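Some notes on the structure that comes next.
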Amino acid sequence: MLRLLGLLALMWTFAVPSFAQEMPADARAATGGAQNLEDIMRRQEGAKIDDSFRSDLTGNPDVAAATTDQLGTLGGASDPDLWRALRYNAADITTQVRTPAATTLMQDGGMWWLSFREGPMLKIAVYLLGGTLLLLTLFYLIRGRLRIHGEKTGRTIVRFKAFERFGHWLLASSFIVLGITGLISLFGRKVLIPAFGHETFSFLAVMSKWVHNNISWAFMVALVIIFVAWVVHNLPDRTDLRWLARAGGLFGGEHPPAKKFNAGQKLIFWSVIVLGGSISLSGLSLLFPFEINLFGHTFSTLNSWGLPKLFGLNDLPYPLSPQEEMQFAQLWHSIVSLVLTAIIFAHIYLGSVGMEGAFDAMGKGEVEEQWAREHHSIWAQEVLGEPANSKENT
Amino acid sequence: MKSFLMALVALIVISISANLILQQIGLSSSNASTSFGNVRISD
């Protein structure tokens, strides 16, 4: 009997911690209602804790002492209560600072953003850009340069007018500078400061920020120019399906017929317009902090459609603090820019070393007639005034 | 090549102009996140 009692006592001893987990209120009795070791351990493990025992403890004005009593002027909230209210963004803050977001003193979401930006974000950048360069190198080594198959004629035809080339080069040069300065900002703290030191990076960061912010306008102007100049030629049609079905002849065989732009170029065009437009919008949001808030409203709309639940996710955060708006804008701006950069790597490859005769289109504005016949047969026939090949071109 | 050089010139002109214009109309990004110099009107 005594042994049985001893066993029960032992079991009770082991049961207490789990009992305490289930009943946190009792578990905190020993600490007078404050957090205990269990809370600290769970937080260190990164587990979610219910900290309402602290966040709700922000004073009670209804039981405030009369203002003539000791501490009565505190209005029912002690100093710790006030600090807790500040900590959980529940305090009624007034400030003479009239800038947006001035009343948010502590913002938990910032830690998640900072951790993501300093870790996974950089990995995404390295894998995406590095992976694309690796794939293009492999493609070049396996497939080699795409040559003009037929005999060159020595005659050229106008492919792009001066204004089109101007728009293209304005977009290209601004994008390259924006890409480099953007990567300087992204990799500054983790890579460039350890490599070159704070002083060198300081100069680099100030310069690249100025350049990035101001060249962005040239990018946006160029985006409008190329949209206006080329949208008509980039509307999808049936020739695109045939071109895509044969992968544009990239992996061998003849090049399928194409108009002024083939399906691959149309994909590049719409990627540039859609992703470039999105980058511009999020860039403007970052350029004028707190003035253009894109994400809170979008998240709210997506939640109302039940989209996150379709994918088994929790609702997207809403409402967002002004800082969170900026943080989401920064992440979106970076990720979309990286995706577009990877696409542009492929575009630069095919427009230069990857394909014989392609660079002339943007370099000189004129292309070898045979190149035009092989890569854009329908367009070449139109330009040269030849009757269309009905079997291939319809 | 001429178009490329023209684009580079335009790039520089647009960038510098944008900066000057935004500063003139007080829309620089640094103004949006900091207070004006003379916030304190009296002691």
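The values are calculated or read from the model by the stated rules, or taken from the named source; none is laboratory data. Worth saying up front: this structure is predicted, and the values here are computed from it rather than measured. Cβ atoms come from the backbone with ideal geometry, glycine included; neighbour counts cover every protein chain shown. For the accessible areas, the whole protein counts, side chains as well, though only heavy atoms, and no ligand, DNA or RNA atoms are used. Shrake-Rupley method; radii C 1.70, N 1.55, O 1.52, S 1.80 Å.
Some points to look at:
- A versus B: buried accessible surface, summed, Å² (probe 1.4 Å, to nearest 100): 1800
- Extension gain (nm, one decimal) between A:LEU135 and A:GLU356, 0.36 nm per residue minus Cα-Cα: 77.6 nm
- Amide hydrogen neighbours beyond the local backbone of A:MET355, cut-off 5 Å, H modeled: A:LEU146
- Furthest towards positive pole of dipole, A:THR99, A:ILE292, A:VAL274, structure part chain A, Cβ charges: A:VAL274
- Centroid-to-centroid separation of the range A:180-207 and the range A:70-139 [C-alpha atoms, Å]: 22
- Maximal additional length on extending the A:LEU82-A:VAL211 stretch stands at 42.1 nm, based on 0.36 nm per residue less the C-alpha distance.
- Those residues of the range A:169-198 for which accessible area with every protein chain present is at least 40 Å² below the isolated value (1.4 Å probe): A:TRP169, A:LEU170, A:SER173
- Figure legend: label point modelled 7 angstrom from the Cα of A:ALA90 along Cα→Cβ; residues of the range A:35-61 with amide N under 18 Å from it are A:35-36, A:49-61.
- Inter-chain Cβ neighbour average for residues A:362-371, partner chain, 10 Å: 1
- In order through the range A:92-101: 3J(HN,Hα) via Karplus (6.51 cos²θ - 1.76 cosθ + 1.60), integer Hz, x for Gly, Pro: 8, 9, 10, 9, 7, 6, 9, 7, x, 6
- Cα-centred dipole magnitude for the range A:279-394, charges only on beta-carbon of K, R (+1) and D, E (-1), debye, nearest 20: 460
- Coupling constants for the range A:276-285 follow from the phi torsions by the Karplus curve (6.51 cos²θ - 1.76 cosθ + 1.60, θ = phi - 60°), and in residue order they are x, x, 5, 5, 4, 5, 5, x, 5, 4 Hz; glycine and proline get x.
- Under the convention that each Lys and Arg Cβ holds +1 and each Asp and Glu Cβ holds -1, the size of the dipole of the protein assembly as shown around its Cα centre is about 1620 debye.
- Neighbouring partner chain Cβ atoms per residue of B:5-17, average, 10 Å criterion: 6
- Counting Cβ atoms of other protein chains within 10 Å of each residue's Cβ and taking the mean over peptide A:286-297 gives 2.
- Mean residue ellipticity (222 nm) of chain A, computed from DSSP H runs ≥ 4 via -39,500 (n - 2.57), nearest 500: -19500 deg cm²/dmol
- Here the protein assembly as shown is treated as a sphere whose radius is the Kirkwood value from Cα pairs; by Stokes-Einstein at 25 °C and 0.890 mPa s it diffuses with a coefficient of 90 µm²/s.
- For the residues A:ASN303, A:ASN234, A:ASN314, a GNM of chain A with alpha-carbon springs under 10 Å puts the largest fluctuation on A:ASN314.
- A:ARG143 versus A:SER300: modelled label distance in nm, points set 7 Å from Cα along the beta carbon direction: 4.7
- Simple label model, 7 Å out from Cα along Cβ direction - A:LEU241 to A:ALA195, nm: 4.8
- Sulfur and carbon atoms: percent of accessible area, the protein assembly as shown [1.4 Å]: 65
- Charges were assigned to the Cβ only: +1 to each Lys and Arg, -1 to each Asp and Glu. The resulting dipole of the range A:115-211 about its Cα centre is roughly 440 debye.
- Rounded accessible area per residue of chain A, 1.4 Å, Å²: 60
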